[in-house]
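Accompanying notes for the structure given below.
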Amino acid sequence: MADFLTSTHRAKWIFTPQDLKEKYKAANHRAKQMLEKYGATRVDVDLDGSLAYPELQNDPKDNAEKHSRSKPLKIDEEQLLRAFYEFKIQDVCDAFKFPRKIQATALIYFKRFYLQWSVMEHHPKDIMLTCIYTACKAEENHVSAEELGKGIDQDHQVILNNEMIVLQSLGFDLIVYSPYRSIDGFIDDMEDFIYSNNGQLQLLKDLNETAKMVADKMMRSEAPLLFSPGQLALAALRRSNEEHQVVDFERYLHNTLSRQHPARPVPELTVYLNAIDQLVNNLVTPTAADMKHIDRKLKYCRDPGSHEKSKKRKHRSKD
């Protein structure tokens, strides 16, 4: 079994909050420049992973008109759109009854992809499906693209077309670590810590299940890009323990760190756990109604011709 400490996950995919801001800003800026220059932002992908970018229009007047009517998404609008589709990833995984590990892997792939790209370049609805498909293959729970597409009424060819660009954007780093295995490990450790009897074993079971539900929510925040799976697991268990009151959590942290990381003080770890809690508290789950305006802007950025079609439809309806 690979180890997180020596993994590419730890070496390449854990960032600071400032790192994330800069990456989101750079992707948004690139898409804005594309919109200003070409009047569109959509990047088409062929099955072999080759990309087709928008082309400069020969007619300067037509180009100017496209620029004037298409407004780029703001960084916070991109964030809301990603959050909406991260929730959708969990919905799709639940519908297929995929295990939590696949759901978490798909979410991490999705998050990593949009550190490289703007939603204006690649629509998250398409990338979401390819991330789920790739996660199933990586976790050896194979579901065909046809089956996945049919299950949610989407063209399976879109899933396959985006596979190579997703793999390339992930740097082919497909082994990822989620907090669920760590939660199980800490629960086993707690059994010894509290010298559990039968009654307490049931309490630990409840603690475990609630912690995993907390972790489900955590996976939709930026926490998986900022903290290790062990830190995420402890934050989820601490939050769960506030509800179930199974262990003296502060004492458990002191005990665990003294055995496993004697050089790390508990207050330092507590700062990390508090930061994770804050990310979960601030998590927003946008609704389809919230997305209406952003979806319309995204559509006009990616396909400016849709704006003219919409205007013609409105004109005909008035007639």
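Some observations on this one:
- For peptides 227-237, 108-118, 160-170, 140-150, sequence by mean Cβ density within 10 Å, most packed first: 227-237, 108-118, 160-170, 140-150
- Inter-label distance, nm, simple model (7 Å from Cα along the C-beta direction), Leu51/Ile75: 2.0 nm
- Packing-based ranking of 202-210, 281-289, 296-304 yields 296-304, 202-210, 281-289, ordered from highest to lowest mean Cβ neighbour count within 10 Å.
- Mean Cβ count within 10 Å, highest first, over the residues of peptides 178-184, 33-39: 178-184, 33-39
- Per-residue 3J(HN,Hα) values for segment 210-223, derived from phi via the Karplus relation 6.51 cos²θ - 1.76 cosθ + 1.60 with θ = phi - 60°, read 5, 4, 5, 5, 5, 5, 4, 5, 4, 5, 8, 8, 7, 3 Hz in sequence order (x marks Gly and Pro).
- Sequence-ordered 3J(HN,Hα) estimates for segment 88-97 from the Karplus curve with 6.51, -1.76 and 1.60 and θ = phi - 60° stand at 5, 4, 5, 4, 5, 4, 5, 4, 8, 6 Hz, glycine and proline given as x.
- Normalised by 2.2 N^0.38 Å, where N is the number of residues, the alpha-carbon radius of gyration of segment 147-198 equals 2.03.
- Compared with the dominant principal axis of the Cα atoms in the chain, helix 100-116 is inclined by about 50°.
- Between segment 169-223 and segment 86-138, the C-alpha centres lie 21 angstrom from each other.
- Computed 3J(HN,Hα) for segment 271-283, one whole-Hz value per residue from the Karplus formula 6.51 cos²θ - 1.76 cosθ + 1.60 where θ = phi - 60°, is 4, 5, 4, 5, 5, 5, 4, 5, 4, 5, 4, 8, 5, glycine and proline marked x.
- When each of Lys21/Lys137; Lys12/Lys205; Lys74/Lys212; Lys97/Lys297; Lys12/Lys292; Lys111/Lys299 is checked by Cα-Cα distance, pairs over 29 Å: Lys21/Lys137; Lys12/Lys205; Lys74/Lys212; Lys97/Lys297; Lys12/Lys292
- More than 27 angstrom apart: percent of Cα pairs within segment 36-185: 28 percent
- Spin-label model, Tyr195/His293: points 7 Å from Cα along the beta carbon direction are separated by 6.1 nm.
- Taking label positions 7 Å along the Cα-Cβ direction at both Asp19 and Arg251, the computed distance is 3.7 nm, reported to one decimal.
- Neighbours of Thr134, meaning other residues whose beta-carbon lies under 14 angstrom from its beta-carbon, give a summed charge of -1 when Lys and Arg score +1 and Asp and Glu score -1.
- Note on the chain: with a GNM built from Cα contacts shorter than 10 Å, the maximum mean-square fluctuation among Ile276, Ile152, Ile14 falls on Ile152.
No lab work stands behind these numbers, since they all come straight from the coordinates. Note that this is a predicted model, so its numbers are computed, not measured. Note that we place each Cβ from the backbone using ideal geometry, even for glycine, and neighbour counts take in every protein chain shown.
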